[in-house]
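Visitor: Below is one structure. I have some questions about it.
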């Protein structure tokens with residue numbers, strides 16, 4: 001089964017912006033992932049987090065909150081790379097706490 005790229009932004013300038021169309025795309029992508037889970041037996045979700053921007057972090061939360069009930073495992077890539085550094089340096093304390101709580105649910 002080929003991986004599916006789930007891009008919400010139309011171009012580089014659109015990254016990190018909040019638009020209703022992005023929420024619709026996110027929900028469609030989530031439904032497709034669930035369909036693939038049951039249709040093809042995929043039990044692990046490899047999720048590449050968004051760039052280190054606040055709006056993108058909130059999108060990642062939606063994904064991390066939904067998947068433990070559907071997939072047996074998720075690769076919590078949010079803890080690595082730019083997003084992890086952003087959490088440590090620029091996130092508000094409550095954002096960091098929510099992110100770490102959600103990441104703890106994934107393992």
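A short reminder: the numbers here are calculations on the coordinates, not readings from a lab. Not measured: the values here are computed from a predicted model. No Cβ is skipped: glycine too gets one built from the backbone with ideal geometry, and neighbour counts run over all protein chains shown.
Visitor: Could you work out how far apart the two model spin labels at residue 70 and residue 36 are, taking each label as a point 7 Å from the Cα in the direction of the beta carbon, and quote it in nm?
Guide: According to this spin-label approximation, the distance is 1.0 nm.
Visitor: Fully extended, how many nm does the chain gain between residue 97 and residue 15 (0.36 nm per residue separation, minus their Cα-Cα distance)?
Guide: Taking residue 97 through residue 15 to full extension adds about 27.1 nm, to one decimal.
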